[in-house]
Structure formats: structure tokens, C-alpha cells
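Each remark here refers to the structure printed beneath this line.
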């Protein structure tokens, strides 16, 4: 577990440093709608950008202003501080309006902070609907992205290479599905913190190395004893979250275990394998646009609620923590709907509004979590 | 007879309640010190003195409040939300909705017939609507928090505090003082601003049944009266004990419950 923990608690982990030292390229991206298989097929390490280790907001606030989600602000803060200097390229995605604005704020900040905008600084559009028109658009976006990667990095992304990358990512998906099965067991033997670390690690590690480590960890897990003591089984959903300490806050020193989550850094869609037959670009487009049901997608609330119900049922969830980063319109409003519908079914819910990452108020959050756990006793 | 205690170390005040056979036999309240451990020890000793007991007489003690994890002599810890629910139920058995205004936060909760919290919300934005807000404003006026509470009754034209930010509201209050506005009108405006913030939270839980306020601000009649008007409902009064002690009472009751679950531990 230490391997995953070390990999996800630093922006530039050892694996990234080693990758760079071998002369290979690294590209950062900002959203779960990007198929990392494309970069993998190009021999480039895709790293999902994270705002951990932020210790101030003098750059982020200066360009974004105060009334906006703190996640993109933390990304900009870290970019402005040069913490992403290991990147050879950045891909910005309009996951939400705040993340869309990261594109222009980062470019603007680059006028004042020299060298923070890599030469390859690109935008990857994602439609809000997955029906025919949106799907065609997304397929075209992927083709266009591949062309831009090939041009900038002097590589060729062939259909064969893409299929091989899909196979490699599918291996990880299968392993994560097994992890999901294990954590849903009645006598759970793995903490939510460990599972979350292992899942996030998949977004910041070279894939082959990740798959290998995941296999080793699963071997270790299968022989492990159940966690000690009676546990309250929780699910965590809502805004973007990649902070291990949020899960530690929930689990450490309490009788809670996170047995399920629905977060875009977590195991939201893992287990859905991508077909390796047929046109790989079409397969990638379908997987990332159709099965990724986060609230940025129009008209999919019922599908999202059904997914939560399925996870609650499967993992025996006793309470749901619905967290959202302050000013997160998408999750802030959807959490209200989820709370209404889940509580109507007798599932206790706790809504938590917070800041992102190191900026979150731990004392205040801890009080609410403790009270919630006592409530569902 | 088994004697139990509850220790509530809050951000502004620390409280201890000692109970025997379901009755309060000793209690104390002090201003919290920088270190929660020290606050707990000092207030516990003060409460023991009022009861004529010593620490060895306490069979079990539960800690609550922001400093709950730092109290050296407690066997159990509970969140203040659960403790206020339990304590309010003891103060007023018919209570179903509780508004607790603490030093640095404000909570509204609904409880069942046993005082068990079934739903709660807490302020997420800032310090307005908390005891700290009143403390800052009383400081600007150079009066005590208790005096501030009395001001509303003597006011015919309460001022409006435009900002909910404590610091900016403080600037407004200074401006009103400099303009010669009567203290009663400023005080009533402060209490009204506080009540409006709390009403937002209270309405979020959709109050039902009898409502009780706990925490120090429950003793501020200006806030309570304005809140009643805003909610369109009466807020029940209790003479059974100081509502500021509700958290410590709840903690003591949890200690008693724990003992009862241990064979030979209860009364």
C-alpha cells in the first residue's frame, strides 16, 4: 500500500521522475473524460492534474477571483509555483465551467509567471450529451486530439497501438472490479482510504507499473483478515476529490469504513471494459462519453441515481456522505436531489460543503462526520 | 448511587455537569483556555467543588465539544450534536427541534422521542450566526453579551446590518456608534441580524413539534424573540437547567447509558 500512498500524496511522484529521467514525455490532463489510452499508445505518460500540496492561494485567487471552486484554483496555484514544470504538455477539458476557465486563467497567468504554460497547451472539448450528434462530435474531437499529439510529439498513434493500450487499461479495470467486490464483503478487509489511494494511483502512474502493483496488492488483500471491530459502512459521492486525507478524516479514529464511492477520481466506471474489437476510437468515445455519468451530462440524473442505488445495495451501505466543494454548481445542486431521493428510501445522508484539498476545514468537517456516524448507529 | 459527568469543552466556554439519579448535583462553566485539556481539568474541578465530590466519585464521564479529544479524564467522546439532542430532550421531553448556537458554529437538528438526532444541519459559510458574532459586537459596544440581549426590548428603530460578514458588520456598528445611533437600536439590529442567519438554518431542517434553543445565545432574549417572529413559532423556555449546559447534560446522560449497558454498572 505504501507504493500507492507515496504515488498519490505528491504531485511529482518517483515514477514520474523516473519516466522523465528516461527521456520520455509527460502530459497532464484535467478530467475523467479524457481517454488516457491515447497518450499511452503514443508512448507518453498521461498524468491527471491534482491540486494537492497547495499551501496558499495568492496566484489562484488572483486570476479566478474568490467565488469559484477551489480545485481549479489549486491547479493554477501549483502551475504558477512551477510545480507542474515536469509536464511537456497540458490538456484542459471543460468538465464544468470552472474547469473551462482554467484554460484562459492559466494562459493569462502565463503572461505574468514565465514558463508556466507548456508549448503544447491544448483544449479538448467534451459534449454534454452522448446522443448521435454529441457522439459524432466527440469522436471527431478524439481524432483531432490524436493528430495534435502526433504533430507535437512526432509520434504515430496507430489502431494497433490503441487496441493494445485498451487491453492494458482493461487489465487494470478488471483488477479494480475485483477490489470493488472485496470492499463490498460483509466482513470488509480493506479500508476506503487504501482503495481510494489505489484508484487515484491509476491516474498518475505508468500503466504497466500500476497494473503490476495492483496485482501484487490484490494478492496481499485476498489473504488479509477483516478490519477489526464493528464498522459503519459509508459511501462517499459528490465533487471532485483526490485527497487521501478526506478519507482518513472519515475513517481514522472512527468506526466507519468507506465501502463504496462515486467520485471521478475513484472507481466510478471501473469494471466497464472497453471492447478491443472494431474501431478503437469509436470504442473509446462510447466508453468515455456514454458510461461516464457525472452531473455535467444532461438528462442522466435517473441513470446516476440508479448507479448509486446499485452501489448502496451491493456494498450494504448504511449512510451516504454527499460532499461538494464550495461553489460547485453541478454537485452542489445534484447532492440536494440525491439527498431527497435517498432519504425517502430510508438511507441516511450527510451533506458536506467544503473547500478543496489542503484548504478544507478539518475540525468543522470532523464534527459533522462524527455526528453523522452517531446518527446512523 | 452512581454518579456520572459530562464535560463540554467548547470554543468559547467549557462546561461540566455532574448527575446522580438523573438529577444535576454539580455544574460549572468557565471561559475556555487555549488548551482544551486545561479547560477540562479546571472546569471539572470547579464542578466537583459545587457538588462536594472528588474525581474518584465519578463513575464515568463523557467528553464533547471541539476539545473533546483532548480531555484526559473521559472514558467516551460524543459529538456535541448528539449531546445537545440528548440534553435538550432532558430539559424539555416534548422537544423535537433544537437550535444550538455555540461559540463558533450554529446547528439546527431534529430529534426523536429519545433525543436521538435524526437530522441536522450546521452553518457552513462563516462565523455569522454564532456566539462569536455576538461576542465581537458586544466588544465593539463595550458591553457584556448579557446586556446586548436586553437591548432589543428598548428599541423602536433597530438598525439594519447589511453584511453577514462579522468583520464588515463590525465596521457598520462602528459607523452607527459614530453617527450617534442609540445603543438600543444598534443592539437590536445586531440581535436581529443574528436571528436572521439562524432562521435560515432552522428553516432548512423544517422545524416540527416543540422547539428549544440551547447554547449560550439561548439566554439572549433579543435573538430568541426575533427568531420566534421569523420562524412564526414559539420557542419553548426551560427552567430545569441553564440551556448553555445542554451539551454537558447530554454527555452526562450518555455516560449513564453506557454504565447501564455494563452488567452491574448502572443504578
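The figures follow:
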{"quantity": "Dimensionless Rg ratio for chain B, taking C-alpha atoms and the 2.2 N^0.38 Å reference", "calculated": "1.02"}
{"quantity": "Binned Cα-Cα distances of chain A, short to long, each 10 Å bin given as a whole percent", "calculated": "5, 24, 35, 27, 9, 1"}
{"quantity": "Inter-part distance where the range A:1-51 and the range A:196-222 are each reduced to a Cα centre, Å", "calculated": "13 Å"}
{"quantity": "Order of B:255, A:156 under a 10 Å beta carbon neighbour criterion, fewest first", "calculated": "A:156, B:255"}
{"quantity": "Spatial separation of Cα centroids for the range B:162-241 and the range A:54-94, in angstrom", "calculated": "40 Å"}
{"quantity": "Intensity falloff of the range A:131-239 expressed as log10 I(q)/I(0), Debye formula with alpha-carbon point scatterers, at q = 0.12, 0.19, 0.20 Å⁻¹", "calculated": "-0.62, -1.05, -1.10"}
{"quantity": "Relative contact order (%) - criterion: Cα under 8 Å, at least six apart; region: the range A:226-377", "calculated": "28 percent"}
{"quantity": "Part-to-part distance (alpha-carbon centres) for the range A:108-148 and the range B:73-136, which is given in Å", "calculated": "48 Å"}
{"quantity": "Chain A: calculated mean residue ellipticity at 222 nm from DSSP helix runs of at least 4, using -39500 (n - 2.57)", "calculated": "-16000 deg cm²/dmol"}
{"quantity": "Helix-only mean residue ellipticity at 222 nm for chain B, each DSSP H run of n ≥ 4 adding -39500 (n - 2.57), per residue, nearest 500", "calculated": "-12500 deg cm²/dmol"}
{"quantity": "Residue exposure sequence - B:101, A:347 - by fewest surrounding Cβ within 10 Å", "calculated": "A:347, B:101"}
{"quantity": "Candidates B:27, B:82, B:179: whichever shows maximal mean-square fluctuation once chain B is modelled as a Gaussian network with Cα springs under 10 Å", "calculated": "B:179"}
{"quantity": "Rounded FRET efficiency, nearest 0.05, which uses the C-beta distance separating residue A:248 from residue B:236 and R0 of 60 Å", "calculated": "0.90"}
{"quantity": "Kirkwood Rh, angstrom, the range B:96-237 [1 / mean 1/r, Cα pairs]", "calculated": "15.0 Å"}
{"quantity": "The range A:1-77: relative contact order in percent, alpha carbon pairs under 8 Å with at least 6 residues between", "calculated": "25 percent"}
{"quantity": "Ascending count of other beta-carbon atoms within 10 Å, so fewest first, for B:61, B:165, A:349, B:83", "calculated": "B:165, A:349, B:61, B:83"}
{"quantity": "In Å, descending, principal axis extents of the Cα set of the protein assembly as shown", "calculated": "83, 67, 43"}
{"quantity": "Percent breakdown of C-alpha pair distances by 10 Å bin, ordered from the shortest bin, for the range A:154-204", "calculated": "21, 39, 23, 13, 4, 0"}
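Every number in this text was worked out from the coordinates using simple rules, so none of it is lab data. Everything quoted here is computed from the prediction, not taken from an experiment. Don't worry about glycine lacking a Cβ; one is built from the backbone with ideal geometry, like all the others, and counts go over all protein chains shown.
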